[in-house]
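One structure is given below, encoded as structure tokens.
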Amino acid sequence: MSRVEEFRLPDLGEGLTEAELVSWSVAVGDTVELNATIGEVETAKALVELPSPFAGVVRELLVQPGTTVPVGTVIIRVETAGDEDPPAPRRDPVLVGYGPSAPAVSRRRPLPHASRQTGTRSGPVHARRAAEDPREARTPIRGVRRETAAAMVASATSAPHVTEFLTVDVTESVTLLARLRASAAFDGLHLTPLTLVAKALLLALRAHPALNSAWDEGAQEIVTKRYVNLGIATATDRGLMVPNVKDADRLTLPELCRAIGALTDTARAGRATPADLTGGTVTITNVGVYGVDTGTPILNPGEAAILALGAIAKRPWVVGDDIVARDVTTLSVTVDHRLVDGEQASRFLADLGAMLRDPVTALLTLL
């Protein structure tokens, strides 16, 4: 005898209590396999694929795309064969955000995008938008963008920000990068200036651990981390995300290059997991890829420092008594002044600049 099973929005971890249904991968009448992807939800942390805990035929889709629902809400009903107890839903596939390699359904067809006038918690849309100007476009603030906005406001208003700048001749670093790219150790890897600067940052933190600390308001303690989870600020279609490389200080330069590339690719594809996006201890942002000289970035909440890497460009530079063309960049570091004073920030930035000015001598000394 067949029976209809209900699938409730599962606990996605990291203290998340709700999610927005982005899309269904199935329609009523489709046959789904166990653990096949049936849809995607967006949390405040990431985009996550939902695997079906049942094998059977889809009978009802109870939530329209664009609707935010709390954890535990019944979102789909599936008719199963009913000849045995259904397996318990698997939590791992939900958290890592990937589905099986096999086709998810026996037949798939796109569903029309649901109107946002129903199922929302913000009241009737027609009442709120009665006076809309047709020359304006309105985008709902939700998911990652909403979380980022709230986090930035909290950081800017709770931590006293101080930013320092340093312009550096990085010609020797650019030369070193060219040599490393040609070596077998980096075969198949996309080695960028960001990777080298990230490695220099990790080495500089050994002498300046205050920049890898956190302020515990509840305990009234400064927590100095003996590990470095390096956040990489990444622009995505869904907004700014800061996935972090766990234990980045333990990685060799090729390993760090591989880890940064994989993590940023995952974030841009919308597949970063909540675990990827939490637990960072210090962050680096590369504004130079947009041709920007530098910036004054806001701290990632809970961290003591964020480093901005500006554009590397040929500029006139004084070498001895001559003015020559050199590769130059400007670095900036923003710190939480409760945790890092001006001297500590200045020494950190100076040491980092020295490594990039003469990377072979500096890095060999520290390694």
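Charge tally for Glu343 (other residues, Cβ to Cβ under 13 Å; Lys, Arg +1; Asp, Glu -1): -2. Across every direction, the projection of the convex hull enclosing the Cα atoms of the stretch 144-366 has a mean area of 12.7 nm².
Averaged over residues, the count of other Cβ atoms within 10 Å places the peptides 268-278, 317-327 in the sequence 268-278, 317-327, highest first. Subtracting the Cα-Cα distance from 0.36 nm times the residue separation, let me have the gained length for Ala178 to Ala154 in nm, one decimal. The Ala178-Ala154 span can extend by a further 4.5 nm. Once Rg and the Kirkwood radius are both taken over the C-alpha atoms of the stretch 237-313, their ratio Rg/Rh works out to 0.95. Among DSSP bridges having both ends in the stretch 144-366, what percentage is antiparallel? Round to the nearest 5. Of those bridges, close to 80 percent are antiparallel.
Since every read-out is calculated from the coordinates, none of them should be taken as a lab result. Predicted, not measured: the structure shown is a model, and the values here were computed from it. Heads up, the Cβs are rebuilt from the backbone with ideal geometry, glycines too, and the neighbour counts pull from every protein chain shown.
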